[in-house]
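J.: Before I ask anything, let me first share the structure, which is written out below as structure tokens.
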Amino acid sequence: MEFLRTRRDLPIYPWCEGLIRIGADDTEVWEIPDPEGHWQHLLGLCDGTRADSAIIAAMAAMGVTTEEAQGALTQLREAGIVVALNAPYTESADDERVRGNLAYFWADHLDALAIQRHLETMTITVIGGGGSHFLMHLAALGVRQVRIVDYDRVDASNLNRQWMYDVQHIGRAKAEMASEYVARRVAGAAVQAFNQKLERVADVQAIIRGSDWVFCAADEPPYRMQRLVNRASIAENIPCIYAFSQRQSGRMMEVIPGVTGCVDCLLVTNDGRSPSFRQLVASLVGSHFQPDTPLISPTLGLMTSWIMKRWVDLVTQPNLSRGNAVLRLDFPTLAVAPVSTWARRLDCVTCGDQSNADHALWQLLPIA
Ligand SMILES: [Zn+2]
């Protein structure tokens, strides 16, 4: 038995004599002849609490035959105006907070309730001080089990771009601030904050174990931090998103164990492509210069919103092409393009047979 619900993001309104219109945006508009008001009544009956048989019976009371009502419901479902649910649905107080999420997923012709419940039961680990925007997005999406790893304290220089903090928060541990934010924002949130500097693969593994996804927004020490998180994520079989920022672009890549290449595959590939790559790595590792972060609030907001949108697409669209590309969002034009692609390496020290364990890069970027 199926319960039918008219999508509530679509306005339904009389258009001209004997005609109703559904939808008003530039992509989804239908006009239906409805001289007797039958269609409008039918759409009203599809409120999520009635089975199709009950709706057909109610329409019969108006003189509409079973075949006519059935045909109308089929058309409405095929057009995506009415969605079919496998249980009656009325909005709970918790779901009121995510009404927009549900409307968005239903409008994308997805199983919105299944996706929302999946988000709510996922465990996500966010590593690094750049992750506070990700946490805000995750909380708004309804993710309840969150782990936060950050050893930094809120600094006055964070306030130009990190929306979670106020002047009164300067000096407080970021991990604890983030934990309080998520707990305030999400009903039933279970937040674990790790005010901890990550030094060993085993430490990262212990923290991320059991997570559904990891977000790595930490980039210090350069390359080594991504290697640590990558080694741990591959060992724990957890997909991971890596985020990087530059002045006029944001970059991201996803590593999905068993599906895509990993961070170490990418490093070896870059080393083979550029004769100066190893010199760059050695120089950055050897330098203790702490550059200022050339980001303004809008550019960090653009970058993190873009990455989170892609993550939602990865979670909701099994057929989306994924991995083996560093994607770049160009801030001035908002164009997205792959800037670097690579393949999974069978000899990879982390995701392969480890036969490149003696590669010169690993002397420069040791992890343990
Ligand atoms: Zn690899």
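J.: Looking at segment 351-368, which of the residues that are within 15 Å of the ligand (Cβ to nearest atom) and not in a loop (DSSP other than H, G, I, E, B) is surrounded by the most Cβ atoms within 10 Å (Cβ to Cβ)? Full working, then the answer.
T.: Filtering segment 351-368 down to residues within 15 Å of the ligand (Cβ to nearest atom) leaves 351-357, 359, 361-362, 365, 367.
Those still in the list that are not in a loop (DSSP other than H, G, I, E, B) too: 361-362.
Details: LEU361: 20, TRP362: 17.
Checking each candidate, the answer is LEU361.
J.: Within segment 330-350, is there a residue that is within 16 Å of the ligand (Cβ to nearest atom), modelled with pLDDT of 95 or more and exposed (fewer than 12 other Cβ atoms within 10 Å of the Cβ)?
T.: yes
J.: If ARG227 satisfies every condition in (1) in a helix (DSSP H, G or I); (2) over 29 Å from ALA343 (Cβ atoms); (3) modelled with pLDDT of 90 or more but one, which is the exception?
T.: (2)
J.: Filter segment 5-40 for residues that are part of a loop (DSSP other than H, G, I, E, B) and touching a helix residue (DSSP H, G or I) at 6+ places or on another chain (Cβ under 7 Å); which is surrounded by the most Cβ atoms within 10 Å (Cβ to Cβ)? Spell out how you get there, then give the answer.
T.: Keep residues of segment 5-40 that are part of a loop (DSSP other than H, G, I, E, B), which gives 7-11, 17-18, 23-29, 34-37.
Next cut, touching a helix residue (DSSP H, G or I) at 6+ places or on another chain (Cβ under 7 Å) only: 7-9, 34.
Numbers: ARG7: 23, ARG8: 15, ASP9: 15, ASP34: 19.
By that ranking, first place goes to ARG7.
J.: Something else about it: One residue is enough: does segment 211-233 have a residue meeting the conditions over 24 Å from ARG278 (Cα atoms), within 13 Å of the ligand (Cβ to nearest atom) and surrounded by 20 or more Cβ atoms within 10 Å (Cβ to Cβ)?
T.: Yes.
J.: Let me ask something else. Are there any pairs with C-beta distances below 8 angstrom linking a residue in segment 268-294 that is in the same structural domain as SER245 (by TED's automatic domain parsing) to a residue that is part of a loop (DSSP other than H, G, I, E, B) and among the hydrophobic types (A, V, I, L, M, F, W, C), with the two at least 6 apart or on different chains, and if so which?
T.: Pairs that qualify, where the first residue is in the same structural domain as SER245 (by TED's automatic domain parsing) and the partner is part of a loop (DSSP other than H, G, I, E, B) and among the hydrophobic types (A, V, I, L, M, F, W, C), are VAL268/CYS348; THR269/TRP342; THR269/ALA343; ASN270/TRP342; VAL281/LEU365; VAL285/LEU365.
J.: If ILE256 passes every condition in (1) within 16 Å of the ligand (Cβ to nearest atom); (2) within 26 Å of ASP358 (Cβ to Cβ); (3) buried (at least 17 other Cβ atoms within 10 Å of the Cβ) but one, which one does it miss?
T.: (2)
The values are calculated or read from the model by the stated rules, or taken from the named source; none is laboratory data. Since this is a predicted model, take the numbers as computed values, not measurements. A quick note on method: Cβ atoms are made from the backbone with ideal geometry, for glycine too, and the neighbour counts reach across all protein chains shown.
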